[in-house]
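The values are calculated or read from the model by the stated rules, or taken from the named source; none is laboratory data. Please read all numbers here as calculations on a predicted model, not as lab measurements. Cβ sites come from the backbone with ideal geometry, for glycine too, and all protein chains shown count toward neighbours. Only protein heavy atoms, including side chains, enter the accessible area calculation; ligands, DNA and RNA are left aside. Shrake-Rupley method; radii C 1.70, N 1.55, O 1.52, S 1.80 Å.
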Amino acid sequence: MTALPALFPPNGPGSIDPRPDRPRVPDQGPGRPRVTELRLSAFAGHRRAVFALGPLTLLTGPSGSGKSRVLQAYEALARLGGGAELGEAFPDPARCVPERARPDAQRRRGFRIGCTADGPEGPVRLDLAVQAEPDLRIVGERLTSGGLVLLETALRDPGRAAVQAAWHTAGSAPVTRGPLPDDRLGTALLPLRVAGKTEGQRRVLAAAEQMVVALRSVFACDPRPRRMRAPVPSGAGRLLPGCDNLADVLWRTREECARRHALLASAVGAGCAGPVADLLAEPLGDGRVRALLDRGDGLRTPLELLGDGELRYVALALVLLTGPGVLDVDPVGEVPAAMQTLTVLADGFDRCLDPTQTRELLRLAARMCERGHVRLVGAVSEARWATETDGVTVVDLSP
């Protein structure tokens, strides 16, 4: 077996299925672009794996089953959709190569991933082949909609840092050809290369925009309680992926939206021991702030005294009740916020949580995801408790 098989071998993994699209998880939200399927054709321990994603999806399975790898692949695609270079999306590409993949005659090894984005244009598929060794580069990309190939790239000259691209035109010439860089997602670059003069070109641009909008506004979150306990400098109030600066964010959100902050305090009260009347931040006079729970009887408990489970619960509740303006994400500025969906990737969603906290957090996630503005893909150790909540898609990765 070669390490870099054709991106779309006939009837093989990554090929375009001539049959109608497989049934997808029901998604009754509005027509906002959203990722509804993730494909890991050959990525780390996954081969020919297809994951249907609903508004609220939980990945479950034993340690080593590849839950974190699924989230890693999703986050990498999101980075590429936002215009990041390949090295930013895959800082350790060798770990993405299937363990038993053998190098070809040129000592090349790589991996293949893809996704489907639903929206106003219908299902749009993106498939990507990446060479990880000896050099990191994109060697093939395909964007399709309704069975029609809208963009296809291939590495023709290994000596050049470019791929040969062909995109749908449907004008005097059926396709337009030109080079694209081999370290960026071609789909994200199409608006700079396609004029949009023909109906075919406009279809290409619409599909590319839907894919890019669906991939962006992703917030990968894994709260780190140890770092959340210390007072933090007052700053921009944008929550970091590790939630280290939780106190600074609370200082901002409490002032900006009293209604949403009240919902947060109520949610925290359901998951923390003892009464909770409010959740607030307190300046220390040296440019730093610390977070506290107001118990409602004159007692205030610093968050640094809470257990790991309580801190993770507070952080994840805050993420679900806020949006791109508060989280450290890069939404599509030229697209109205009402047409975008924030996708939260939560590795270890139930880590350190007790059963009550887990159920309360899942109920909160279900309520927020039902509205269509937020989607969640979380990894959990087991998901038997998830059956109690409506609207949850459970993907079991157990062997």
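A few notes on this one:
- Segment 371-391 residues that are touching a residue at least 24 places away in the same chain (Cβ under 8 Å), paired with ones that are in a strand (DSSP E or B) and open to solvent by 10 Å² or more (accessible area, probe 1.4 Å) (beta carbon under 6 Å, 6 or more apart): V380/T60; E382/T60; A383/T60; A383/V394; A386/V394
- Given (1) more than 24 Å from R363 (Cα to Cα); (2) open to solvent by 30 Å² or more (accessible area, probe 1.4 Å); (3) of a type outside the set (S, T, Y), index of the condition A281 fails: (2)
For every residue, the table says whether it meets (1) in contact (Cβ under 8 Å) with a residue 60 or more places away in the chain; (2) in contact with a Lys or Arg (Cβ under 8 Å, 6 or more places away or on another chain); (3) under 26 Å from L353 (Cβ atoms).
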residue	(1), (2), (3)
D183	yes, yes, no
G200	no, no, no
A214	yes, yes, no
R238	yes, no, yes
L250	yes, no, yes
A270	yes, no, yes
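- With respect to the conditions (1) without any contact (Cβ under 8 Å) to a residue 24 or more places away in the chain; (2) on the phi > 0 side of the Ramachandran plot; (3) open to solvent by less than 60 Å² (accessible area, probe 1.4 Å), V276 lacks only one, and its number is (2).
- With respect to the stated conditions, G378 is at pLDDT 95 or above and farther than 20 Å from L279 by Cβ.
- Scanning segment 207-264 for residues being more than 24 Å from the chain's Cα centre (by Cα), buried (at least 19 other Cβ atoms within 10 Å of the Cβ) and among the small types (G, A, S) gives a total of 1.
- When we screen G178, G140 for residues that are open to solvent by less than 20 Å² (accessible area, probe 1.4 Å), farther than 13 Å from A208 by Cβ and at pLDDT 95 or above, the only hit is G140.
- Residue satisfying condition, being aliphatic (A, V, I, L, M), surrounded by fewer than 16 Cβ atoms within 10 Å (Cβ to Cβ) and modelled with pLDDT of 90 or more, within set L345, L299: L299
For every residue, the table says whether it meets (1) in a helix (DSSP H, G or I); (2) touching a residue at least 40 places away in the same chain (Cβ under 8 Å); (3) touching a Gly at 6+ places or on another chain (Cβ under 9 Å).
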position: R39; (1), (2), (3): no, yes, yes
position: V50; (1), (2), (3): no, no, no
position: S68; (1), (2), (3): yes, yes, yes
position: E75; (1), (2), (3): yes, yes, no
position: A78; (1), (2), (3): yes, yes, no
position: G83; (1), (2), (3): no, yes, no
position: E99; (1), (2), (3): no, yes, yes
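- Among the numbered conditions (1) touching a helix residue (DSSP H, G or I) at 6+ places or on another chain (Cβ under 8 Å); (2) under 25 Å from R137 (Cβ atoms), the only one that G61 does not meet is (2).
- Filter result (surrounded by fewer than 23 Cβ atoms within 10 Å (Cβ to Cβ) and of a type outside the set (A, V, I, L, M)) within segment 370-385: E370, R371, G372, H373, S381, E382, R384, W385
- One residue alone among G45, G87, G66, G83 is on the phi > 0 side of the Ramachandran plot, open to solvent by 30 Å² or more (accessible area, probe 1.4 Å) and small (G, A, S), and that residue is G83.
- Selection status of V329, assigned to a loop (DSSP other than H, G, I, E, B), aliphatic (A, V, I, L, M), out of contact with any His (no Cβ under 6 Å at 6 or more places or on another chain) and at pLDDT 75 or above: yes
- Residues of segment 114-122 include none that is open to solvent by 40 Å² or more (accessible area, probe 1.4 Å), within 29 Å of R48 (Cβ to Cβ) and in a strand (DSSP E or B).
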